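Input: a single structure, listed below in C-alpha cells.
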Amino acid sequence: MPTIHPTAAQMAVAGAPPERLIFLEGPAGTGKTTAGVQRLLGLIEAGVPASSILVLVPVRPLGEPYAAALRSRRMRAGGVPSILTAGGLARRQVELFWPLVAADAGFAEPDRPPTFLTLETAQYHMARLVRPLREEQGYFDAVTVDPNRLYSQVLDNLNKAAVVGFPHTEIGIRLQAAAAGEEAQGRVYADAQAAAALFREYCLAHNLLDFSLQVEVFRRHVWPRPACQEHVLRTYRHLVADNLEEDTPFAHDLLRDMVPRLDSALLIVDRDAGYRQFLGADPAGAYTLRQLAREEAAFEESFITPPELQALAATLAEALEQPAAPMPPVPAAAMRDALVFTEDLRFYPEMLDWVAEQVAGLVAGGTPPGEIVVLAPFLSDALRFSLANRLAAAGVPVRSHRPSRALRDEPATRALLTLAALAHPGWGAAPARFDVAYALVQAIAEMDPVRAQLLAQIVYRSREGAPALSTFEAIRPEMHERISYVLGGRYDTVRLWLAESMRRGEVPLDHFLSRLFGEVLSQGGYGFHADFDAANVAANLVESVQKFRRGAAAAGLLPAAGPLAEQERSLGQEYLAMVADGVIAAQYVRGWQETAARDDAVLLAPAYTFLMMNRPVDVQVWLDVGSRGWFERLYQPLTHPYVLSRHWDPGRPWDTADELAANQARLARLAVGLIRRCRRLIYLGLSELNEQGYEQRGPLLWAFNQVLQGLARAEAAQAQG
C-alpha cells in the first residue's frame, strides 16, 4: 500500500486553531476521516483536555479509526476523549437524570432504575406481546414474513418515529396514507401501530427503554432541562462529528443545539453517501449543518481510487441517470481494463466456479487475501457455504461478516445452545436428533454429517423431555470402526465435560457457554479451534445472554427469589425460546473490529455491510450483477424508510414512480460507493440464470452494458482518430 502524504487541505483542517468551527465534505477516500483523526490528536497536543473532546459517529464501528489512534498514543493524565453515537450520548444522560424525569416521562415505577434493552432483548419482549395477538386474534395474518422480521420492523417503526421526531401514535396514520387506499396493506399497518403502542405501554410499565424510548425521553424530558444542557456543554467543549450523512435527524437536531455553544467543531460529511437511509439516516439533513460552521473545506483528491475507476464511477452514475462527479480525462481502454467480467456462463454454479478461480489466481499472483472482498446484495447461507467451500478447496483463506443475521442462523450458536440443552435436562428442552448430529459436526473437528448422524442415532436418547448421552465405548465394535476411535474419543471428551457440568449443578448460562468454549471447543481437535468466526459468535452469544438476564430480570420474567438453580433454569428456557423464535442479533462492535483487523483472508460480505466498514481493498468481486437484488429495496411490509422520514409529506401516497426513483438513486449510491473503495480491479460475476433458474437482467447489469458499449464506441473513435 503506498504511503499517504497529507495534502495541504488536510493539514489546514487538522492543524486549524482550537477555536474553529469547520464543515468538511468530499467523496469517500479523500482523507476526511484521516483529517478528523489528526484534528483530534492535534487538539490534545495543543493542550486541550482530552476529556473535553467528543467524537460523534452514527454507529460505533465508524469510531474505530479514532479509537485506534488514541490506543497508539501515550495519553497524558486527565481522561480520554469520548467516542459516542447520538444514541449513546442520550442513554448516558437519561441514566444520569433518571430520578428527575422518570415520573414525567410516564414510567410506572420512577423510583426503580431503568433497564436499557438491546435489539435482541427488545425483540424478545416484543415477541412475548405480539405472539398471542398473531396466534389468537389474527394479527398480521396477511403478512408472509418470518416472525423475527415482523418484530424487528415494528421496532424499526418506533425508532424512526423517535429519530425523526413525530409521535409514535402517528406511525400507522402515515403508513396508511402512503398506501393509497390499499385495504389489505392498510390493515397490516393498523396491526403494526397496535403492536407498537402495546410495546410502548409495556416498556413504561416495566421501566424498560428500547432505543426509541431512550431517544424520546432524552428529546422530550432530559435535553430541555437547563441542568442537562449545562452538564453536557460543560463536559464537552470540542467536537469531531464524522459520517454525518449516515446519522439521523435526531443527531442533527442535537448538533444544531450544541455546535454554536462549543469552543470548536469539525463536521464531516461523505458526499454521495447515506447508505443507512433504510435505518433512518438523513444525508440531506447533514448538509443543513453547513450553516453552523464558520469555515468550509472540500477534499477532492482520492488517496484510494485511481483515475480510471473514478471515471468508471462517474460513467456508471450517468448510465443510471443520476448526478455524477466530474470525470477525469482517462482513456476508454484504461476504464475497460479496470473491469474483469464473465462471458457466456449460463448457470449460477458456473459463476461461483469462475469467481473462485479468479480469486485463487489473484492470491497465487501475490494479491494478499485480505485485499480481496467478494460482495453480493444479500449473502445467503447457501451462497456463503458454496463459495467458502470453493475457495477453501483452492487453498484460499476466507471469512465472512453478516452482522444482522438471526442468532439461530449461526452454526456456532446452534451447536453451543444444543450442547447447553444436553447439559441441562431439567430445562425440558430436549433437542431433536438432527440438532445433536449438527452440533457434533460443529463441535468436533473432522466429524462429517454422515458419521455425526450415525453417532447421534446410537448415543442420544430423550425420555420425557430429558436428554441423555451414552458412552462411545458402549456401542457395538463394528460402529467403532465406522465412526473411528479418534472421533469417538473426542465425542467422549465432550460428553464427559457435559456430565461433569451437570454434576456441579446450575451455573449462569453465560458462564457455562464461556467455559464450554474455552475448556473444550477451542482446543485442538475440536471444531472452534482456530475458527475466528466461531470464536466471535461464541463471544457475542455470551454477551447476549448477559444482557438478556438483566432485561428479563428487570421485567419480572425470572424468579425474584429462590434457589439459583431455579432462576438459571428459567433463564435458560426463556433464552432458548427467544433464539428459536429467530431473534436478530444485535450489533456487536467486537465482530466489526475483528473483521477489520484480520487481513489474512478473503472477505465475503453483503455490499452495504462492506460500505459501513469504510475500508478500501485492492480488488472487489461483485456477485450476480444481473440480480435485481442490487436494485430493489428489501421487502418490509410493516415499515417504509422513505415515508417515515422527515423529507416525506405526511398524507402523500407512495407510488411506483417514487419507488423506481428511490431504487435508482440508491443503486447509484451503492455502486459509486463501492468503486470509491477499490484501488485496482473490479470483477463482475454474471450468469444467465440465477440460483432459482430464472433469467436475470437487472438494472445494474443494464447500466454496465451501457457503460461498456460507450467505452467500445470511444475506443473505436480514438482508433480512427
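The values are calculated or read from the model by the stated rules, or taken from the named source; none is laboratory data. None of the values given here were measured: they were computed from a predicted structure. Methodologically, a virtual Cβ is constructed for each residue, glycine included, from the backbone with ideal geometry; neighbour enumeration extends over all protein chains shown. Please note that ligands, DNA and RNA were not included when accessible areas were found on the heavy atoms of the full protein model with its side chains. Shrake-Rupley method; radii C 1.70, N 1.55, O 1.52, S 1.80 Å.
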Quick one: how many residues across the range 296-336 are in a loop (DSSP other than H, G, I, E, B), among the hydrophobic types (A, V, I, L, M, F, W, C), under 18 Å from residue 680 (Cα atoms) and touching a helix residue (DSSP H, G or I) at 6+ places or on another chain (Cβ under 7 Å)? 2
Matching entry among 530, 534 (being out of contact with any Lys or Arg (no Cβ under 8 Å at 6 or more places or on another chain) and not in a helix (DSSP H, G or I)): 530
The conditions are (1) more than 20 Å from residue 315 (Cα to Cα); (2) surrounded by fewer than 18 Cβ atoms within 10 Å (Cβ to Cβ); (3) more than 26 Å from the chain's Cα centre (by Cα), and residue 713 fails exactly one of them. Which is it? (1)
Residue 708: open to solvent by 30 Å² or more (accessible area, probe 1.4 Å) and assigned to a helix (DSSP H, G or I), yes or no? yes
From the set of residues in the range 426-439 that are out of contact with any Gly (no Cβ under 9 Å at 6 or more places or on another chain) and part of a loop (DSSP other than H, G, I, E, B), which is nearest to residue 496 (Cα to Cα)? 431
Can you spot a residue in the range 337-351 that is among the hydrophobic types (A, V, I, L, M, F, W, C), within 29 Å of residue 664 (Cβ to Cβ), open to solvent by less than 40 Å² (accessible area, probe 1.4 Å) and assigned to a helix (DSSP H, G or I)? yes
Qualifying positions in the range 236-246 - among the charged types (D, E, K, R), open to solvent by less than 10 Å² (accessible area, probe 1.4 Å) and outside any helix (DSSP H, G or I): 242
Looking only at residues that are farther than 21 Å from residue 420 by Cβ, among the small types (Gly, Ala, Ser) and in a helix (DSSP H, G or I) in the range 468-525, which one is most open to solvent (accessible area, probe 1.4 Å)? 489
Exactly one of 290, 276, 261 is more than 27 Å from residue 649 (Cβ to Cβ) and not hydrophobic (A, V, I, L, M, F, W, C), and that one is 261
Determine which single condition residue 326 fails, assuming it passes every other condition in (1) surrounded by fewer than 21 Cβ atoms within 10 Å (Cβ to Cβ); (2) within 31 Å of the chain's Cα centre (by Cα). (2)
Run down 375, 387, 407, 383 and say which single residue is under 23 Å from residue 631 (Cα atoms) and at pLDDT below 90. 383
Among the residues of the range 197-211, is there at least one that is among the small types (Gly, Ala, Ser) and buried (at least 19 other Cβ atoms within 10 Å of the Cβ)? no
Of all the residues that make up the range 627-667, how many are open to solvent by 30 Å² or more (accessible area, probe 1.4 Å), among the aliphatic types (A, V, I, L, M) and over 22 Å from the mean Cα position of the chain (by Cα)? 3
For the range 212-235, how many residues are open to solvent by less than 40 Å² (accessible area, probe 1.4 Å) and in a loop (DSSP other than H, G, I, E, B)? 1
Looking at 383, 316, 320, can you tell me which residue is of a type in the set (A, V, I, L, M) and either within 30 Å of residue 148 (Cβ to Cβ) or open to solvent by 50 Å² or more (accessible area, probe 1.4 Å) (or both)? 383
Lone qualifier among 62, 89, 100 - being open to solvent by 20 Å² or more (accessible area, probe 1.4 Å) and in a helix (DSSP H, G or I): 100
Among the residues of the range 162-184 satisfying the criterion of being among the small types (Gly, Ala, Ser) and more than 21 Å from the chain's Cα centre (by Cα), which is farthest from residue 642 (Cα to Cα)? 184
Which one is nearest to residue 689 (Cα to Cα), of the residues in the range 348-387 that are more than 25 Å from the chain's Cα centre (by Cα) and of a type in the set (Gly, Ala, Ser)? 356
Residues located in the range 255-272, provided they are closer than 19 Å to residue 228 by Cβ and open to solvent by less than 10 Å² (accessible area, probe 1.4 Å): 255, 258, 259
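Each row is one residue, and each column tells you yes or no for (1) in a loop (DSSP other than H, G, I, E, B); (2) touching a helix residue (DSSP H, G or I) at 6+ places or on another chain (Cβ under 7 Å); (3) buried (at least 18 other Cβ atoms within 10 Å of the Cβ).
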{"position": "392", "(1), (2), (3)": "no, no, no"}
{"position": "396", "(1), (2), (3)": "yes, yes, yes"}
{"position": "412", "(1), (2), (3)": "no, yes, yes"}
{"position": "416", "(1), (2), (3)": "no, yes, yes"}
{"position": "420", "(1), (2), (3)": "no, yes, yes"}
{"position": "441", "(1), (2), (3)": "no, yes, yes"}
{"position": "447", "(1), (2), (3)": "yes, yes, yes"}
{"position": "450", "(1), (2), (3)": "no, no, no"}
{"position": "453", "(1), (2), (3)": "no, yes, no"}
Only one of (1) closer than 20 Å to residue 354 by Cβ; (2) surrounded by 17 or more Cβ atoms within 10 Å (Cβ to Cβ); (3) basic (Lys, Arg) does not apply to residue 697, and that is (2)
The condition from (1) of a type in the set (A, V, I, L, M); (2) out of contact with any Phe, Trp or Tyr (no Cβ under 6 Å at 6 or more places or on another chain); (3) farther than 30 Å from residue 608 by Cα that residue 255 misses is numbered (3)
